[in-house]
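Data block below; observations after.
Each reported figure results from applying straightforward, stated rules to the coordinates on display, with no laboratory input. The shown structure was predicted, so the numbers you read here are calculated from the model rather than taken from an experiment. Cβ: placed from backbone, ideal geometry, glycine included. Neighbour counts: every protein chain shown.
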Amino acid sequence: MTASPDLAAAIAVTRFGLGARPGELAVVARDPKGWLRDQIRRDGADQPAGPAVSTAERLAGFREYQMDRREARQGDRKDGDDQDGKTEARDPVRIAARMIREGPAEDFLARAQLAATTPAGFRERWALFWANHFTVSGVKLVTATVAGPFEQEAIRPHVFGRFEDLLVASSSHPAMLLYLDQAQSIGPDSRAANRRRRAAGLNENLAREILELHTVGVDGGYGQADVTEFARALTGWSVGGLREPGDRQGRFLFRPQAHEPGARTVMGKAYRDGGVDQGRAVLADLAARPATARHLSYKLARHFVADAPPPGLVRQLETAWTRTGGDLAAVAAALVEAPEAWTPAPAKLKTPYEFLVSGYRAIGARPGAIQQIAPTLNGLGQRAFSPPSPKGWSDEAAAWAAPDAIVKRMAWAEAFAARTARGLDTDAVAADALGARLTAPVRTAVARAESREEALAVLLMSPEFQRR
Amino acid sequence: MTALASPTRRALLAAGAGFGVSLSFMGRARAADGLGRKKLVVIVARGAMDGLSAAPPVGDPDYAGLRGRIAIPAEAALKLDETFGLHPALAGIHGLARKGQARIAPAVASPDRARSHFEAQDVLESGAAAAYGTSSGFLNRALEAMGGHRVEALSVGTTAPLILRGKVQTASWSPGRETDGNPRLPAILGDLYAGDPLLGPALAQGLETEAMVAMARKDAAPAAAGMAPAASGGGLQALARQGRAAAEGVGRTTAGLMRRPDGPQVVALSIDGWDTHANQGAVEGQLAGRLSYLDALVMGLHDGLGETWKDTIVVTATEFGRTARVNGTGGTDHGTGSTALVMGGALKPGGVIGDWPTLKPAALFEGRDTRPTLDLRGLFKGVLAEHLGLDRRALDTTVFPDSADVAAATGLA
C-alpha cells in the first residue's frame with residue numbers, strides 16, 4: 001500500500017491513535033511509520049496524571065465501609081431508626097455512594113484527559129486495548145473503586161513487555177482476584193477446608209475466563225475438566241485481608257493453607273504441586289500456546305483494522321508473536337509494518353469513548369469535569385469503567401451503531417459544539433482533524449454551515465470522523 | 001418532543017437502565033386480524049440464571065443436600081406442585097401461576113455445552129445449532145417468516161442485542177437525549193450519510209423512532225404516573241425498592257407501547273446480573289434481588305397491558321443454568337440446564353413443561369448440572385407455532401436452522 005504521506009499521516013493518527021490534535025498531522029506526515037514506532041517503549045504506557053491512589057488504599061477504604069455497615073446494621077437492630085446526625089454522617093450507604101462516585105470519577109477523568117492530550121495516541125490506544133482485554137469491571141461493589149488502579153498497576157507498565165508478564169500481573173492482581181471471585185476459592189482437600197465447618201471449595205470463575213477470554217480462547221482446546229483442574233491449581237491466590245499485617249492488606253497474598261494439594265493436569269500437561277508456582281506454571285504455558293497467539297492476533301487485528309480483519313494481517317501478527325515468544329513490542333511493530341493496516345478506507349466505527357476523546361482532540365481541548373463525559377457515555381452504553389461482563393467492550397460496529405445511539409451521538413456533538421465552537425475557525429478544524437481524509441461533501445457542508453456550532457457538529461458527525 | 005423532556009419519566013427509565021434492565025422490541029402489529037393481535041415478550045436473563053433457586057425443586061430429595069446454605073427452604077418456597085415452588089421474591093408471578101397464567105420449564109437448555117456465557121448467549125439469541133453459526137437473531141427471522149407485510153422493528157436500549165438483529169430493519173431508542181437540537185442538522189447529515197449503509201439507515205430510523213416513542217409515552221402517561229423511584233431515604237432496602245420501581249416502570253412503559261394500534265408485536269428485553277459465583281444468597285441476598293426485579297418487570301407488563309394481557313405470552317430464557325451443588329464461595333458455577341418461565345393471559349394452563357430429570361447423583365449432567373430434557377429451541381418453537389402461528393417448516397429451517405429433529409413443545413397456547 002503506497003498511501004501519500006498526508007493520507008498515511010491521517011491513517012496513523014486516527015486508525016492507530018485517538019484522532020488528530022491541531023497541527024499534529026503536519027508533524028506526523030514527515031514519517032508516519034516512524035512516528036508510530038517511536039511510541040513503542042519498554043517501560044509501558046503513560047500513567048494518567050494526578051495522585052496515584054493504590055489498590056491497597058482503595059480496598060482499605062472499602063473494608064472500612066463494610067465494617068461500618070455491619071455496625072450500622074447491628075445498631076439498627078438495637079435501637080430501631082436512629083435519626084441523629086452522627087448516624088447520618090456515618091450512614092454506610094452514603095459513604096459507599098460517595099466512595100464509588102468520587103474515586104473512580106477522578107480516575108476516569110484523568111485517563112480521558114491523558115487520552116485527549118497525549119502526543120502518543122497509538123501508545124494510549126494500545127494500552128486501552130489491553131485494559132479492555134483484561135477487563136475488571138466496576139459493576140461489582142468491591143471492584144468499583146479499583147478498576148482505575150488495576151489499569152495503572154497491572155496493565156500500563158506491561159503493555160510493551162512479554163505477554164506472559166502481563167498475564168501474570170493481571171491474574172494475580174487483587175482487583176482481578178476479587179472481580180472473578182478467585183480470592184475466596186479454597187481447595188476442597190486443603191487444610192483450610194478441613195478446618196472449616198461450613199462447605200468450602202472451588203470457585204472456577206477466574207480459571208475459566210483466563211482460558212476462554214484471556215489466553216487460548218473458547219476454541220482453544222480445553223474442556224470442563226481443564227477448567228476445574230486449573231481452578232484447583234489457582235487455589236490460594238488471594239488478597240490480604242484485615243487479619244493480615246498492614247503491609248499485606250489489599251495486596252496479592254498466596255494462602256498455602258487454601259491451596260489444593262497434589263499434582264494437576266491442564267490441557268494434557270502435568271503440573272506437580274509447587275504452591276503458588278503451580279498456577280504460575282499453568283499461566284506460563286497458556287501464554288506460550290499457539291492458540292493464544294492466534295486468539296490475540298485476531299483480536300488485535302479486529303480492534304485496530306476491521307471487524308472482519310484481513311487474514312494476512314492476522315498471520316503477520318501471529319508470526320511476530322510466535323517468533324518472539326509473545327513480545328508485545330514486536331507485535332506492535334508488526335502491526336505498524338503490515339501493509340493491510342494501511343488500507344485507505346476507514347473500516348472501524350469509533351466506540352463512544354474514542355468518539356468523545358477524538359472530539360476534544362479535534363479542537364485542541366480536554367474534558368474539564370467528569371460531568372462533561374460520563375452521562376453521554378452512559379447514554380451510549382459505555383459507562384465509565386463498567387463493561388457489562390468480563391468480555392469487555394465490544395469491538396464491532398453492530399454493537400455501537402444502534403439507531404438511537406447515532407441520534408445520541410448527534411445530540412452530544414451539538415451540545416459539545418454549542419459549548420466550544422465560539423471563536424474557532426471551523427474550516428481549519430476540519431482540515432486539521434481529517435487531513436487527507438476530508439472529503440469534498442464534508443468540507444462543503446462545514447463551510448456552508450449557518451454557524452460555527454453547526455459546522456463543528458457536522459464535522460464531528462461526518463462519516464469520516466465517526467470512523468477511524 | 002415535549003414528552004421526552006418530562007424529567008420524571010426520563011429519570012425512571014434511566015434508573016431502569018442503571019439496574020441492568022434494557023429492552024428492545026420489534027414488529028409493529030398487523031391490522032387487527034387474529035394473529036396480529038397476539039403479543040410475545042422475550043426476557044433474556046444474561047449471566048446464567050440459577051433455575052434451582054428461581055423455581056426450586058424443594059420436593060426433590062436431593063435438593064437440600066446439594067444446595068446447602070443457598071437452598072430455598074421448602075416452607076419458604078411459593079408452592080407450585082408437589083416438587084416445585086417459586087422463589088419467595090417471585091410473589092407476583094406466583095399469583096399468575098395460581099390463575100394458570102404462569103408455568104415453568106425446569107430443565108431447559110440451548111444446544112450449547114461449552115459453559116461460556118458469550119458462546120451460549122450467541123446460541124440462544126441466534127437460534128443456531130452451534131455458536132457463531134449465524135449473525136442474525138431468531139426473533140428477527142421469525143418475523144420475516146410471518147411476512148407478507150411490512151414489519152416495523154424497534155429496539156430500546158443502548159446497544160443492539162443479537163436476538164433481533166437481521167434483515168428486518170431494527171429501530172432503537174433509549175432515554176436521555178438532552179437537547180431539542182438544531183432542526184437543520186438531521187437533514188445535513190442525512191445528505192452526508194446518503195451512501196453510508198451503516199449510518200444512513202440508523203440515523204433515519206433513530207429520528208423516526210424518537211418521534212413515535214414520544215407519542216407512545218404521552219399515551220402511556222397515566223399508567224406510568226406514580227412510578228418514579230422514591231425520591232430519597234437511605235438504606236439498602238430503599239435502593240432495592242427503587243430498583244423494583246424502576247423495573248416495574250420499564251414494564252409499564254413497554255406495555256404502553258405495545259398497546260398502541262401501531263405498537264410492536266414482539267418485544268425483547270434483557271436483565272443482566274445473574275452470574276452468581278459467590279454469595280448468591282437464599283431467601284434473601286443477591287439473587288433474590290435480581291428475581292424481585294424480574295417479578296416487578298413482569299408485573300409492570302401485566303398491569304400495563306390491561307386487556308391486552310389476554311393476548312400475550314412472556315418467556316424468560318437464560319444462556320445456561322448453574323451447578324447443582326453450592327460452590328466453595330456460597331455461589332454456583334456455570335452449569336447446563338436451567339428454568340424458563342412461561343407466562344401470560346394467552347398461556348394454556350397446565351403443569352411443568354418438559355420432564356424433570358431429578359437431582360439424583362446419576363441423573364446430573366456430567367455429575368454436576370441439572371440435566372436438560374428440553375431444548376430451548378423446542379420451547380420457542382412451541383410458542384411461535386401455537387401463539388404466533390408460524391409453520392413447522394419455517395421453524396425447522398429458517399428460524400432455527402437445521403432443527404428438524406428438535407420437537408416443538410405443545411399445549412402452550
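The chymotrypsin sites (Phe, Trp or Tyr not before Pro) of the range A:89-131 include none that DSSP puts in a loop with a beta carbon having at most 15 other beta carbons within 10 Å. Whole-percent P(r), chain A, all Cα pairs, 10 Å bins from 0: 4, 19, 27, 24, 15, 8, 3, 0.
For the range A:142-212, the list of trypsin sites (Lys or Arg not before Pro) that fall in a loop by DSSP and count at most 12 other C-beta atoms within 10 angstrom reads A:ARG197, A:ARG198.
Over chain A, what is the percentage of antiparallel beta bridges among all DSSP beta bridges, to the nearest 5? Bridges in chain A that DSSP calls antiparallel: roughly 90 percent. Normalised by the number of residues in chain A, the average gap of Cα pairs under 8 Å and 6 or more apart makes the relative contact order 20 percent. Take the range A:205-308, drop everything but the C-alpha atoms, weight them equally and run the Debye formula without solvent; then report log10 I(q)/I(0) at 0.09, 0.11, 0.12, 0.18 Å⁻¹ to two decimals. Evaluating at q = 0.09, 0.11, 0.12, 0.18 Å⁻¹ gives log10 I(q)/I(0) of -0.29, -0.41, -0.48, -0.86. Per residue, the protein assembly as shown reaches -13000 deg cm²/dmol at 222 nm when only DSSP H runs of four or more residues are counted, each adding -39500 (n - 2.57).
Based on Cα contacts under 8 Å between residues 6+ apart, the range A:181-288 shows a relative contact order of 28 percent. Among the trypsin sites (Lys or Arg not before Pro) within the range A:386-427, those in coil by DSSP and having at most 13 neighbouring Cβ atoms inside 10 Å are A:ARG422. Beta bridges assigned by DSSP with both partners in the protein assembly as shown are antiparallel in approximately 60 percent of cases. Local charge sum around B:GLY321 (other residues, Cβ-Cβ under 11 Å, Lys/Arg +1, Asp/Glu -1)? Around B:GLY321, the charge tally is 0. Normalised by 2.2 N^0.38 Å, where N counts its residues, the alpha-carbon radius of gyration of the protein assembly as shown equals 0.93. With 26 Å as the limit, the listed pairs A:LYS140/B:LYS360; B:LYS79/B:LYS310; A:LYS33/A:LYS408; A:LYS33/A:LYS348; B:LYS348/B:LYS381 have A:LYS140/B:LYS360; A:LYS33/A:LYS408 beyond it between alpha carbons.
Mean separation of Cα pairs under 8 Å and 6 or more residues apart, divided by the residue count, gives the range A:317-403 a relative contact order of 23 percent.
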